[in-house]
Every structure is written in C-alpha cells, then in structure tokens.
Amino acid sequence: MFIFLMCSERSGSNLITKIMDAHHNICGPSPKHLFNPVTRNAFRYEPLSETGNWAAMLADIERLIGVSFSAWKTSFSRNHLLSLAPPGKLADLLRNIFLEEARAHDKQHCFVKENQLYEFTPFLLTHFPEARFLYLVRDPRDMALSWSRNPTHPGGVVHGAQQWKRDQQQFMKNHATLRAKGLSRLIRYEELISAPEKTARAVCDFFGLPYDPGMLGFHENELTRRNALTMPAWENLGKPIMNDNSGKYRQALSADEIALIEHVCLPEMHALGYEPDTPVKALETMSPEQVSEALQGEQKTTPAAPEPEVQANMEAKRVFYQKRLGRLAP
C-alpha cells in the first residue's frame, strides 16, 4: 500500500512522516521530492518510450535522488534506475524506487511526503489504485510564523498565510472527494502533538494497520537522527514530540500580523476548525490594500541563503522545469 501525505510547507509534515516511518511495516523516507517535479514535467521528455528520452530523464532523476538533501538506505545509479522499469513506464519507475527503499528496511508499505500533492493527484489515482491519503493541517498562524523563520521561503507571515490558503483550498476539495470513497483521513497537527498515541492509533486504524508503540520513538532511529542533522529546519526530528509546540504565534507575532493572517485565511480557518483571535467584524473591514502593503514590506526583506543541501536540492529540481527541446525526439 502507498499512503500519500497531503500537507502544506511548515505543517509538521516531517514529524508525521517520521512517526509513520517508525512503524515496523511502513517505510516513510525523508523526502527526495521526486513525484512533484517528475510527474509535472514528464512531457518535456516525451515520448518516454524513446530510449534516448528515457535515458535523459533517468539522468536527471539520478541527480535529484543523489543530492545529500536527505539520506536513504538505498543509492540509485543510472543502471539501477534502468532496471526498475522499461522505457515509458514512469509510474512503475517511481513505485519501484520507493519499494526498493522499503525492501532495504524490510518493510511492505510506503508513506510518501510530497509538496503540492494536488498538482499530480490524477496521476496518483490513475497509476496507484491502492493509494490512500492522509491530510495533515496546521493552524495557519503557527504555519506562517514558521514559514517566516525559514530562510528557504520567500516573504514573511502574509506570504506564508497566502500559501496556506492556496494549499487548503486545493486539499479540501481533494479530501472531500477522496473521503467519500473512504480513501482519505484528516488530522490536525495540534492533535498529533497533544495526543500522539491516540492520533497515531486512529491513523493506523483508518489504513487497516496495527498500531506500533515504536512509532512514538521515531527520534531514536539512526537514519532519522542523521537526517535531523542535515539542516536546522529538521533538527526537532531527533527529539521526542514537543507537546506544547502550538499557539506560539501569540507570543511571537504582533496583533496586526495575527489579524492579517486571519483576514487572509478566515474562510478556510472556519472550515478546518480554527477560530480567529481577532473579532470577525474587524477582519471583515480590512482592505486588500492593507494586505498588499504588508506583502510589499515583506518583499523588501531579503531572506538568508538556503543551507547548501537545500540549495542543491532546489537546483536539481529546477532541471525538470527547464525546456529540454534538444533532447526530445523530432
């Protein structure tokens, strides 16, 4: 079984991935970000059944997997990738990459974290008929605070709030359809950290898997500890769950910043069970000009350079968004 995580950036997605990975029969590797750039840009290499085009795509995939952004047990050479699927069988290739890593851990199921999953959900539903989905959402005010503190993300809290809003609008539509078919389960980050065993049990039960008490000891895993040292944004993965890691925006953000986030996200907040701190009437009187002014102020602040591993991963993914007309068959 493949379980795909629907989540925003800074949503606690790495935490739930490592909790699931600590299950004795679920492999949830640290993200390599394969599905998003590869599936969305496969057309640049068409026809994939052409040996030369397939080889060109595998060369770029090899580079993307090889970046030391996150560590896996399995390493993938060009020849290894060639052995995983015949030319043109992109879904088989992606499936077998993750199954190879699962086998390296002696596990059967795969838990896959990807950003903007809604961009390629049709591909997953077509080629992964056994797929199940977990929708993780976090309070947009804490998400926006975390976003603003991460040097790899543009802008500040308002930019983060807009990203959260865009993501939830897409995820809520997908979740509603998938939930009706019994394929998707929603959890909130706040529930995950305040009642981790109860939440993990509920998730396992939904997917028809037994609960494993070792899931909450994810931070003791050697590979998880190594990945936690890769960059500051992941350092908490080497620690036990921080049960009080919510509502921090109230101490870190001004009332005006909180109001701006709530103004941007209010309909989605209500739909997902998050109540605003600011009176709704005050939020309704805020103007688009106030949001635009705040965004312009954030854009004037240049973020710090990303960590080398993040930068390398970003560069490797960028390959898939560049035109490769010289490689395409006539």
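For a 18 Å ceiling on Cα separation, which of these pairs sit above it: K165/K281; K32/K248; K113/K248; K73/K107; K32/K73?
Check vs 18 Å cut-off fails for K165/K281; K32/K248; K113/K248.
Given R0 = 56 Å, the distance between the Cβ atoms of V291 and D106 translates into a calculated FRET efficiency of 0.65. Springs between alpha-carbon pairs under 10 angstrom, Gaussian network model over the chain: which of K300, K198, K173 fluctuates most? Ranking K300, K198, K173 by mean-square fluctuation puts K300 first.
Between V112, V264, V291, the Gaussian network model of the chain with springs among Cα atoms under 10 angstrom shows the greatest mean-square fluctuation at V291. Fully extending the segment from L216 to K281, taken as 0.36 nm per residue of separation minus the present Cα-Cα distance, adds 19.2 nm. Could you tell me whether region 2-327 comes out rounded, prolate or oblate from its Cα gyration tensor? Rule is a ≥ b ≥ c as square roots of the eigenvalues, rounded for a/c under 1.5, then prolate if a/b exceeds b/c, otherwise oblate. Judged from the Cα gyration tensor, region 2-327 comes out prolate (a/c at least 1.5, a/b above b/c). If a spin label sat at a point 7 angstrom from the Cα of N115 along the line to its beta carbon, the backbone N atoms of region 154-195 nearer than 16 Å would be those of 154-157, 159-168. From Cα pairs below 8 angstrom and at least 6 apart in sequence, can you work out the relative contact order of the chain, rounded to a whole percent? Relative contact order here is 28 percent.
A short reminder: the numbers here are calculations on the coordinates, not readings from a lab. These figures come from a predicted structure and were not determined experimentally. So basically every Cβ, Gly included, is an ideal-geometry build from the backbone, and we count neighbours across all protein chains shown.
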